[in-house]
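The values are calculated or read from the model by the stated rules, or taken from the named source; none is laboratory data. Predicted model, so just to flag it, every value in this text is computed and none were measured. Glycine gets a Cβ as well: all are built from the backbone with ideal geometry, and neighbour counts include every protein chain shown. Note: accessible area is taken over every heavy atom of the protein model, side chains too, but ligands, DNA and RNA are not part of it. Shrake-Rupley method; radii C 1.70, N 1.55, O 1.52, S 1.80 Å.
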Amino acid sequence: MIFKVYFQESNKQVPVREKTQTIYVEGDSERDVRTKIADRQYNIEYVEAVQGNYLEYEKQKEDFEVLEIE
């Protein structure tokens, strides 16, 4: 399953909407995704599953790239 992660670059940074970034990560669950990116020191705001029509819509974006982290 693919998850969209909303985050700030640093876990010391206060969430500000204009500075929020996103990445797509493949994982089994939200917990799995959070574990995979824990070493990156991101301030994670929200993790959501992307599937069905929503996934098809996201795939149309030019910056769509799924990270496959072991």
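Couple of notes before you dig in:
- Residue 9 being open to solvent by 40 Å² or more (accessible area, probe 1.4 Å) and at negative phi: yes
- When each of 24, 42, 46, 6 is tested for being of a type in the set (Phe, Trp, Tyr) and touching a Leu at 6+ places or on another chain (Cβ under 7 Å), the lone residue that passes is 24.
- For residue 48, the stated conditions do not hold, so it cannot be described as in contact with a helix residue (DSSP H, G or I) (Cβ under 9 Å, 6 or more places away or on another chain) and open to solvent by 100 Å² or more (accessible area, probe 1.4 Å).
- Looking only at the stretch 14-45, and only at residues there that are of a type in the set (A, V, I, L, M) and modelled with pLDDT of 90 or more, the one that is surrounded by the most Cβ atoms within 10 Å (Cβ to Cβ): 33
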